[in-house]
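Read through the structure below, which is laid out as structure tokens, and then see the notes.
Any read-out appearing in this document is the output of simple, stated calculations on the displayed coordinates, not a laboratory observation. Computed from a prediction, not measured in an experiment: that's the story for all the values here. Neighbour counts are summed over all protein chains in view; Cβ atoms, including those assigned to glycine, are modelled from backbone coordinates with ideal geometry.
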Amino acid sequence: MAFQSKNIFVNLPVKNLNESVDFFSKLGFEFNPQFTDENATCMIIGENIFAMLLVEDYFKSFIKKEIADATTTTEVIVALSAESREQVDEIVNKAFAAGAKHYNEPVDHGFMYSWSFQDINDHLWELVYMDENEVQQ
């Protein structure tokens with residue numbers, strides 16, 4: 001039997017936790033107060049999908065390597081599915097209004113539509129809509 005996890009927790013270093021919570025709140029995300037303190041918060045992305053936003057010093061306590069400088073390097077793109085093309089545009093435009101930087105222009109493949117931004121900590125996020133009727137199973 002192949003390994004299948006029930007949950008995913010993406011851990012991301014942030015410079016200022018309060019500013020990060022404010023930014024993602026403006027995009028419509030909520031946070032689990034049980035896993036929130038001055039060092040970290042648990043951002044709820046989906047039913048079993050979470051982003052742990054950890055202040056850099058706290059993040060460093062879990063690793064032996066240096067934290068990647070997201071202003072000059074990319075280690076990950078967090079891609080999230082959207083319900084529609086309109087929702088992609090809505091979320092990305094909210095991100096820009098909240099202080100995100102432009103990263104890529106929208107990409108339209110007909111059956112798939114995506115748009116990316118850099119959050120206030122320079123992490124890359126991509127919103128993607130796929131027409132499930134067009135995806136071969």
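Numbers for the structure displayed
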{"quantity": "Degrees between helix 17-26 axis and first principal axis of the chain (Cα, 0 to 90, nearest 10)", "calculated": "20"}
{"quantity": "In degrees, nearest ten, helix 85-97 long axis to first principal axis of the chain (Cα)", "calculated": "30"}
{"quantity": "Long-range HN-HN contacts of V10 with modeled amide H, under 5 Å", "calculated": "F50, A51, M52"}
{"quantity": "Net charge contributed by nearby residues that have their C-beta within less than 14 Å of D57 (K/R +1, D/E -1)", "calculated": "-2"}
{"quantity": "Among 73-82, 90-99, the order from most to least packed when residues are scored by Cβ within 10 Å on average", "calculated": "90-99, 73-82"}
{"quantity": "Gain upon complete extension [F111, V78; 0.36 nm per residue less C-alpha separation]", "calculated": "9.8 nm"}
{"quantity": "Relative contact order computed over region 32-137 (Cα-Cα under 8 Å; 6+ residues apart), in percent", "calculated": "21"}
